[in-house]
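S.K.: This is the structure, below, for whatever I ask next.
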Amino acid sequence: MITIRRWLNPGLRYWHQSSFAQQVLFVAGSALFVSMMVHGLLLVATGGTIEGPVSLRKAMTFAETGWLLTWSVGWLLPLVPLRRWERRLLIGGTLQFAVGETFLMSLQVWRGVPSHYNMSTPFDAVVFASTGVGALIVTVTMAVLLRAALRPSNLAPSLRLAIQGGALIMLIGFAAGLLMILNSGGIWQGAGHFLEMATRRRYGGYNGPAAGAVGGDLVLLHALGVHGLQIVPLPAWLLTYTALDERRRYRLTALVTASYLALIAILAVQVFRELPLSALDLPTLTALLLAILLCLGSHVAVGLALLGPKEQGNKRTREQRRAQNLEPRTGR
């Protein structure tokens, strides 16, 4: 019981110190986490497939992205210097995407019809169009977050860099998702194909992406990008509980950020060359492997720092952490 209380107390203290907006985001994220788990259990219990447009996996993956996004935004909300309208957009844009998109994906899965590129009925067309609007709103939201994160603040430099890098990666991921919707599929086959799909949609001749299409893989670029606010800020936050000084934390955070941006840049080049990952040439493959090794190495360094002496070795008090905006302040 004492051990459980020891683990729960920091979370409960954080909850009570959080603003109402943060608590809304945390509750929404918790509900999405439960949705993810329920759909996962149902997938296993029914022996369903993880492939296909009506798999329970789709409801799971959108819920997973949603709960991570809402919790991440809830955490960074008091850390980034936001104007009132930016704060409202960030909260609203996050919730409409996390909750709204997950609801629409789950609805279509339970109806047994595809959610993406499905315009077979007026209702399905409205659902698909709604997902596009939601993707556009959250893309704009991430752009506003990135702009706000670039403003000067008294946040610890390593965390400030992490939020900036995470917001940039997130923006790239959502932009890739929006491009997938406009491209009518996750396979990029060039601007000519993109315009052809737009024309076919306009005149009602579109029936979904062609089977066996070959080109650049936008899906992987999207999947990596939409986890940007966890990929970089989480290691940076964990480093604040180590004995590393701020300069070393900043350098390690910069390494994590650079490795992921390099990985995403290489994948983006392959996408817009209209080539699948199976068609990597030697220079691109070498660059990709180096980026992966750099990414793994940076995380190993973070792990080693966590296994070493903790923050008490630098005698940083709770008040000093609050002064750097590493912990929430009491108040609503």
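S.K.: Pulled fully out, how much extra length does the chain show between L277 and M37, if you take 0.36 nm times their separation in residues and subtract their Cα-Cα distance? Display every interim value, and only then the final one.
M.R.: On the way: separation 240, 0.36 × 240 = 86.40 nm, distance 3.09 nm.
Here the answer is 83.3 nm.
S.K.: Hey, another quick one. If you line up the long axis of helix 20-46 against the longest principal axis of the chain, both from Cα atoms, how many degrees apart are they, to the nearest 10?
M.R.: 50 degrees
S.K.: Separate question: Please work out the FRET efficiency for the pair Y14 and D245, using the Cβ-Cβ distance as r and a Förster radius of 25 Å; give the result to the nearest 0.05.
M.R.: On the way: r = 25 Å, r/R0 = 0.99.
So, using R0 = 25 Å, E works out to roughly 0.50.
S.K.: Which percent of the accessible heavy-atom area of the chain goes to carbon and sulfur, probe 1.4 angstrom? Let's see the in-between values first.
M.R.: Numbers: 11680 of 16710 Å².
Summing carbon and sulfur atoms, their accessible area is 70 percent of the total for the chain.
S.K.: L289 versus A258, label points 7 Å from Cα toward the beta carbon: distance in nm?
M.R.: Once both label points are built, they end up 2.1 nm from each other.
S.K.: Still on this structure, please answer the following. Could you bin all the Cα-Cα distances of the stretch 61-198 into 5 Å bins starting at 0 and give me the percent of pairs in each, rounded to whole numbers?
M.R.: Once binned at 5 Å, the Cα pair distances of the stretch 61-198 give 2, 10, 17, 20, 17, 13, 10, 6, 3, 1, 0.
S.K.: At R0 = 35 Å, how high is the FRET efficiency between V269 and V27 if r is their beta carbon distance? Nearest 0.05 is fine.
M.R.: 0.30
S.K.: Report relative contact order for the stretch 1-157 in percent, whole number only (criteria: Cα-Cα under 8 Å, sequence separation at least 6). Mind dumping the intermediate values first?
M.R.: Details: 153 pairs, mean separation 36.8, N = 157.
That works out to 23 percent.
S.K.: Right, here's the next one. Most mobile of A243, A149, A98 per a Gaussian network model of the chain (Cα springs, under 10 Å)?
M.R.: With Cα springs under 10 Å in the chain, the top fluctuation among A243, A149, A98 is at A243.
S.K.: For the chain, report the convex hull volume of the alpha-carbon atoms normalised per residue, in Å³, without decimals.
M.R.: On the way: hull volume 53.1 nm³, N = 332.
Taking only Cα atoms, the chain has a hull volume of 160 Å³ per residue.
S.K.: Just by accessible area at a 1.4 angstrom probe, what is the order of E246, E51, E196 from largest to smallest? Can you show the working numbers first?
M.R.: Details: E246 40, E51 125, E196 90 Å².
The most accessible residue leads, giving E51, E196, E246.
S.K.: Now a separate question. Can you give me the angle between helix 56-76 and the longest principal axis of the chain, using Cα atoms only, in degrees from 0 to 90, rounded to the nearest 10?
M.R.: On a 0 to 90 degree scale, this one is about 30.
S.K.: Still on this structure, please answer the following. At A45 and S153, where each label point lies 7 Å from the Cα along Cα→Cβ, what is the point-to-point distance in nanometres?
M.R.: 4.2 nm
S.K.: What accessible area per residue, rounded to a whole number of Å², is obtained for the chain using a probe radius of 1.4 Å?
M.R.: Details: 16710 Å² over 332 residues.
Normalised by residue count, the accessible surface of the chain is 50 Å².
S.K.: With r defined as the distance between the Cβ atoms of S55 and R88 and R0 fixed at 45 Å, what FRET efficiency is calculated, to the nearest 0.05? Walk me through the numbers on the way to the answer.
M.R.: Working: r = 35 Å, r/R0 = 0.79.
So the FRET efficiency works out to roughly 0.80.
S.K.: Compute the long axis of helix 246-272 from its Cα atoms, compare it with the longest principal axis of the Cα atoms of the chain, and write down the angle in degrees, 0 to 90, nearest 10.
M.R.: Taking Cα atoms only, the helix is inclined about 10 degrees.
S.K.: Then there's this: Which of the listed residues, G186, V138, Q108, is farthest toward the dipole's positive end in the chain, when Lys, Arg count +1 and Asp, Glu count -1 at the beta-carbon?
M.R.: The one lying farthest along the dipole's positive direction is V138.
The values are calculated or read from the model by the stated rules, or taken from the named source; none is laboratory data. Since we're looking at a predicted model, the values are computed, not measured. Methodologically, a virtual Cβ is constructed for each residue, glycine included, from the backbone with ideal geometry; neighbour enumeration extends over all protein chains shown. What goes into the accessible areas is simple: the full protein's heavy atoms, side chains included, and nothing from ligands, DNA or RNA. Shrake-Rupley method; radii C 1.70, N 1.55, O 1.52, S 1.80 Å.
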